[in-house]
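The values are calculated or read from the model by the stated rules, or taken from the named source; none is laboratory data. Note that the coordinates shown come from a computational prediction; the quantities given were computed from them, not determined experimentally. Note: ideal-geometry Cβ built from the backbone for every residue, glycine included; neighbour counts use all protein chains shown.
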Amino acid sequence: MALTMSVDEAAMLSEALDELLKHAEGLCTLVIDQNGKCLARRGLTRTIDCDALAALVAGSFASTRAIAKMVGESEFTVLFHQGEKEHIHNSLVDDDTILTVLFDDRTTVGMVRLCSKEAAKKIRTILSQARCRTSEPPDEASSREAATETGHRIDDIFGKG
């Protein structure tokens with residue numbers, strides 16, 4: 001379903017992400033849909049290909065969903081990647097949305113996780129309001145197009161195609 005946010009909803013979403021960055025001491029944050037589209041971004045995102053990152057995060061959650069089922073879980077709701085200097089915390093906001101926070105050693109994964117959980121509640125409410133206003137049923141062609149576009153982005157990243 002195509003998500004259309006009002007100006008007020010977009011402002012509330014930006015405010016929630018800014019608050020998350022401030023309290024978690026993150027570098028940047030993204031809101032990503034399950035098709036790999038970046039819905040919102042805040043913080044230091046100029047040096048990051050946010051569209052590619054969104055596609056990879058969505059793909060990572062898709063494969064992790066299969067792993068969860070293999071071990072008897074319905075879903076893993078948090079993915080954490082620890083690097084030498086920078087780290088990524090991904091958490092499900094709802095069935096359709098992922099919250100991603102990039103951070104460094106100025107903060108802890110525990111603080112990011114706590115702040116992300118609080119931000120996810122606000123984001124879920126904002127997105128729910130926006131989705132309630134969207135009355136059109138999902139268009140199969142646009143869903144296929146979004147999935148194809150995500151696949152092409154991932155192929156570009158890995159030099160395929």
*Report whether or not residue 87 is modelled with pLDDT of 95 or more and in a helix (DSSP H, G or I).*
no
*Of the conditions (1) at pLDDT 95 or above; (2) surrounded by fewer than 12 Cβ atoms within 10 Å (Cβ to Cβ), residue 102 fails just one. Which one is it?*
(2)
*Could you list all residues from segment 1-57 that are of a type in the set (Ser, Thr, Tyr) and touching a Ser or Thr at 6+ places or on another chain (Cβ under 8 Å)?*
4, 29
*Condition broken by residue 19, with the remaining ones in (1) more than 15 Å from the chain's Cα centre (by Cα); (2) at pLDDT below 95 satisfied*: (2)
*Go through segment 13-33 and give me each residue that's over 14 Å from residue 118 (Cβ atoms) and touching a Leu at 6+ places or on another chain (Cβ under 9 Å).*
13, 27, 28, 30, 31, 32, 33
*Going by the structure shown, is residue 52 small (Gly, Ala, Ser), under 25 Å from residue 159 (Cα atoms) and touching a strand residue (DSSP E or B) at 6+ places or on another chain (Cβ under 9 Å)?*
no
*Would you tally the residues in segment 22-47 being touching a Cys at 6+ places or on another chain (Cβ under 7 Å) and over 17 Å from residue 94 (Cα atoms)?*
7
*In this structure, is residue 12 assigned to a loop (DSSP other than H, G, I, E, B) and closer than 15 Å to residue 122 by Cα?*
no
*asked:* touching a helix residue (DSSP H, G or I) at 6+ places or on another chain (Cβ under 7 Å), in a loop (DSSP other than H, G, I, E, B) and surrounded by 15 or more Cβ atoms within 10 Å (Cβ to Cβ): is that true of residue 59 in this structure?
replied: no
*Filter result (touching a strand residue (DSSP E or B) at 6+ places or on another chain (Cβ under 7 Å) and in a strand (DSSP E or B)) within segment 90-119*: 90, 91, 92, 93, 97, 98, 99, 100, 101, 102, 103, 104
